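Step one of this worksheet: look at the structure below.
Each reported figure results from applying straightforward, stated rules to the coordinates on display, with no laboratory input. Here the structure is a predicted model, which is why all the values come from computation and not from measurement.
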Ligand SMILES: [Zn+2]
Ligand SMILES: [Zn+2]
């Protein structure tokens with residue numbers, strides 16, 4: 001089968017012909033129908049450590065069709081249309097037992113620590129697989145993963161209805177969070193970013209106000225609109241400056257959810273103390289959030305089609321990654 005291969009000792013990816021994966025008694029073999037490229041795939045693309053060995057297939061925003069099943073798998077049949085959760089817990093550690101698989105002490109992730117879905121076939125544990133209805137396209141189903149991330153972030157903040165919410169970074173996660181905060185949490189949403197097309201989409205998704213931070217610093221204006229700051233801010237930009245901005249525009253006693261900054265950074269913590277802000281980390285999601293995401297998509301409570309920037313056949317994966325780096329579309333999807 002054709003697959004995208006990441007050699008962790010080199011920057012970039014390659015396309016190779018490799019064998020169809022074996023599957024364990026607890027796994028299903030999926031014929032991949034669509035796989036999204038997300039920010040973490042771009043980090044994987046750029047990653048290179050000369051000392052690291054072990055090629056693997058990236059891709060975790062996967063939808064497809066069940067073609068084979070291990071002997072212990074029940075509840076699925078050949079031909080089922082499905083989407084897959086990324087986190088594979090050990091089922092033994094205290095976090096797995098509490099249902100916090102995303103915090104597993106021996107965590108595996110599809111497309112990160114093991115072979116993923118940028119291929120014609122992928123083998124995944126049956127417990128990671130969710131059935132999707134006929135009315136949901138495979139392309140739309142790839143959004144279950146980033147949508148579940150957004151739902152978890154909003155959930156951890158405990159957003160109350162009619163609050164002021166700021167979303168910093170209108171990528172897929174930020175835009176999906178905008179829609180959920182607006183339509184489901186009935187909040188007023190402000191979105192900041194650097195790409196006018198994406199800010200336009202944020203408006204379509206229900207943002208009351210958008211600010212292009214390339215043009216000017218919106219802090220004063222946001223404090224004025226919200227009469228002292230937003231109740232909740234979501235850092236979804238992957239940029240340290242966005243976290244500082246979140247701190248500066250959040251009202252006293254407010255909360256900030258950090259969703260995408262994955263590095264050591266310097267921030268001024270004084271306002272966190274003086275304003276009694278709560279900083280919340282949010283990573284991935286679990287069964288519940290993924291299930292909610294599939295449900296929202298299936299019931300068409302959230303139309304993700306405007307976010308599909310472009311689709312590429314799997315054999316044009318290199319061009320698809322180039323397209324992502326050019327930041328032209330919000331979500332780029334590979335079709336094996
Ligand atoms: Zn993702
Ligand atoms: Zn575990």
The range 149-281: relative contact order in percent, alpha carbon pairs under 8 Å with at least 6 residues between: 23 percent
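Given a cut-off of under 8 Å on Cα pairs at least six residues apart, what relative contact order in percent is computed for the chain?
18 percent
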Between 0 and 90°, nearest 10: helix 144-157 axis offset from the chain longest Cα axis: 40 degrees
On Cα atoms only, tilt of 287-298 relative to the major axis of the chain in degrees: 90 degrees
Inter-centroid distance (Cα atoms) of the range 25-80 relative to the range 290-325, Å: 16 Å
Whole-Å distance, taken between Cα centres, linking the range 217-263 and the range 110-165: 25 Å
Degrees separating the helix 240-249 axis from the principal Cα axis of the chain, which is the longest one: 40 degrees
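Kindly provide the helix-only [θ] at 222 nm of the chain, computed as the sum of -39,500 (n - 2.57) over DSSP H runs of four or more divided by all residues, to the nearest 500 deg cm²/dmol? Walk me through the intermediate numbers first.
Values: 11 runs with 90 residues, N = 336.
It comes out at -7500 deg cm²/dmol, rounded to the nearest 500.
Using only the C-alpha atoms of the chain, find the volume of their convex hull and express it per residue in Å³. Walk me through the intermediate numbers first.
Details: hull volume 45.7 nm³, N = 336.
Value for the chain: 136 Å³ per residue.
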Three-way shape call for the range 7-115 based on the alpha-carbon gyration tensor, with the a/c threshold at 1.5: oblate
For the range 32-76: rounded, prolate or oblate by the Cα gyration tensor [a/c cutoff 1.5]: oblate
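May I ask what percent, to the nearest 5, of DSSP beta bridges between residues of the chain are antiparallel? Intermediate results must be reported in sequence, preceding the final value.
Working: 30 of 58 bridges.
Taking every DSSP beta bridge with both residues in the chain, the antiparallel ones total about 50 percent.
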